[in-house]
């Protein structure tokens, strides 16, 4: 049997790991640095630029991401990975209309030749049928 002190050490180590993993997000639109909802102003910490396998689309004045569903789809969407306070998820879910317009999902991003698992917001609707029209794809996969 382990001591209470050892148990608490292990629990704290797990919480640190979980917070480190679960509080990373890939952003590709208005949440990026220099944009309207730059997460620096919400307590976020920019970590690095990254690429995800998917496509970006213009949606009104914003942008939506559709992750690739086929292994042979080599499309790239460029964005940033941030570490955010756990308390920010609820605010981001509201901003992104989580469950109605976007779904918060796990995905792998590429950074410096390595793949890292993070969360991101994927647009729920298909670009080919956005209220009867086709959404325009963002050329080069970079929202500026």
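The values are calculated or read from the model by the stated rules, or taken from the named source; none is laboratory data. Keep in mind the model is a prediction, meaning the values are calculated, not measured. Glycine gets a Cβ as well: all are built from the backbone with ideal geometry, and neighbour counts include every protein chain shown.
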Only one of 36, 50 that is assigned to a strand (DSSP E or B) and either surrounded by fewer than 15 Cβ atoms within 10 Å (Cβ to Cβ) or at pLDDT 95 or above (or both): 50
How do the pairs read when you match residues in the range 97-121 that are on the phi > 0 side of the Ramachandran plot with residues anywhere that are surrounded by 17 or more Cβ atoms within 10 Å (Cβ to Cβ), using Cβ under 8 Å and keeping only pairs 6 or more apart or on different chains? none
In the range 67-119, residue nearest to residue 142 (Cα to Cα) [restricted to those that are outside any strand (DSSP E or B) and under 12 Å from the mean Cα position of the chain (by Cα)]: 96
